[in-house]
1. Considering only residues that are away from ligand 1 (no atom under 14 Å from the Cβ) and of a type in the set (Lys, Arg), which ones fall in the range 155-202?
2. Report, by residue number, each residue of the range 85-106 that is touching a helix residue (DSSP H, G or I) at 6+ places or on another chain (Cβ under 8 Å) and either more than 19 Å from Ser42 (Cβ to Cβ) or among the charged types (D, E, K, R) (or both).
3. Check whether at least one residue in the range 172-186 is within 28 Å of Arg136 (Cβ to Cβ), modelled with pLDDT under 95 and in the same structural domain as Ile22 (by TED's automatic domain parsing), and report yes or no.
4. Do we have any residue at all in the range 21-43 that's surrounded by fewer than 16 Cβ atoms within 10 Å (Cβ to Cβ) and touching a strand residue (DSSP E or B) at 6+ places or on another chain (Cβ under 9 Å)?
5. Residues of the range 154-169 being touching a residue at least 12 places away in the same chain (Cβ under 8 Å) and out of contact with any helix residue (DSSP H, G or I) (no Cβ under 7 Å at 6 or more places or on another chain), which ones?
6. Yes or no: Pro59 assigned by TED's automatic domain parsing to the domain that holds Pro189, in contact (Cβ under 8 Å) with a residue 12 or more places away in the chain, more than 16 Å from the chain's Cα centre (by Cα) and more than 20 Å from Thr254 (Cβ to Cβ)?
7. Open to solvent by 10 Å² or more (accessible area, probe 1.4 Å) and at pLDDT below 95: which single residue out of Gly250, Gly210 fits that description?
8. Could you please find all residues in the range 1-15 being within 14 Å of ligand 4 (Cβ to nearest atom) and open to solvent by less than 20 Å² (accessible area, probe 1.4 Å)?
Amino acid sequence: MNIDLHTHTIASDGSLTTNELIQRAVNSGINVLSITDHDTTSAYQQLPAITPQSLTIIPGIEFSTQWQKTDIHVLGLNIQIHNDAICTGIALQRQARMERAERIAEKLEKLGIENPLSGAQDIAHHNNIGRPHFARHLVKVGATSDINQAFKKYLSAGKPAYFRQQWSPLFQIIDWIRSAGGIATLAHPAKYKLTRVKLYALVDEFCALGGEAIEVISGKQIPATTRDLTKLCQHKALLASCGSDFHQPGQSWTELGKYPRLPKACKPIWDKW
Ligand code: AMP
Ligand code: MN
Ligand code: MN
Ligand code: MN
């Protein structure tokens with residue numbers, strides 16, 4: 001089985017449509033796919049009438065929230081996408097994203113960037129604006145040489161166009177996911193650059209609030225990360241998930257289904273399905 005439970009489309013900051021992503025998944029030999037766009041399930045409105053027989057699609061989402069002062073992401077996997085609680089949650093997050101986009105645009109304008117909001121809106125489909133859309137606008141107007149530099153110079157935490165958004169709190173997001181029958185899964189735990197003590201504290205709170213899984217494998221990570229996250233997963237008796245965090249073709253570190261297998265010591269999340 002080739003399982004990828006973390007991917008993006010143009011409904012958030014990916015570059016492929018739902019159909020293109022599904023086609024690429026089939027061509028890559030993926031059997032189980034979750035589309036987990038940031039704070040939206042709108043990719044699921046674009047599903048083809050008949051999905052390829054070889055592919056099972058697990059409805060999902062990647063919610064933005066914060067823990068202490070760190071921005072973190074929580075995947076809702078195997079959710080009922082029409083559930084009232086999750087729909088209410090998505091509406092709140094959309095509003096928060098729009099407000100944040102306005103704050104970021106104000107900051108960029110003060111830094112001399114022209115039309116940042118309309119520029120990012122033009123790049124974003126579905127009006128679900130994220131920092132990568134601002135990054136692409138910054139490259140387009142020649143303010144930075146590439147996307148990575150746009151984050152480094154303007155958009156990352158602590159940089160001049162960063163705005164600390166108050167997303168819906170962690171407990172709320174876990175509640176929405178659980179109300180929709182899904183499994184709350186802490187996305188890419190190694191990417192938050194937390195100390196071991198802090199990461200364990202985050203996971204303690206996450207579990208106490210009803211979180212049930214962590215991504216033990218996120219893209220082509222190094223073996224030391226896999227070892228550490230396997231230990232964490234076992235220590236807290238969590239389920240384990242895996243995914244590429246695929247956004248677009250051509251990024252060799254995140255290609256659909258291309259990452260280490262879940263270690264045998266981990267209990268796979270799909271055992272519950
Ligand atoms: P947002 O959801 O608007 O906070 O944007 C976060 C997204 O930006 C992540 O999901 C990544 O896709 C992307 N991202 C974050 N940091 C970087 C970076 N340094 N370079 C390129 N993309 C990044
Ligand atoms: Mn992203
Ligand atoms: Mn993420
Ligand atoms: Mn992601």
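The values are calculated or read from the model by the stated rules, or taken from the named source; none is laboratory data. It should be emphasised that the depicted structure is a prediction, and the values quoted were computed from it without experimental measurement. Heads up, the Cβs are rebuilt from the backbone with ideal geometry, glycines too, and the neighbour counts pull from every protein chain shown. Side chains included, ligands, DNA and RNA excluded: accessible areas come from the protein's heavy atoms. Shrake-Rupley method; radii C 1.70, N 1.55, O 1.52, S 1.80 Å.
1. Arg178, Arg196, Lys198
2. Passing the criteria: Glu102, Ile104, Ala105.
3. no
4. yes
5. Narrowing the range 154-169 to residues touching a residue at least 12 places away in the same chain (Cβ under 8 Å): 154-155, 157, 160-169.
Within the range 154-169, Ala157, Arg164, Gln166, Pro169 qualify.
6. Here the answer is no, as Pro59 does not meet what is asked.
7. Going through Gly250, Gly210 in turn, the sole match is Gly250.
8. Once the filter is applied, which keeps residues that are within 14 Å of ligand 4 (Cβ to nearest atom) and open to solvent by less than 20 Å² (accessible area, probe 1.4 Å), the range 1-15 yields Asp4, Leu5, His6, Thr7, His8, Thr9, Ala11, Ser12, Gly14.
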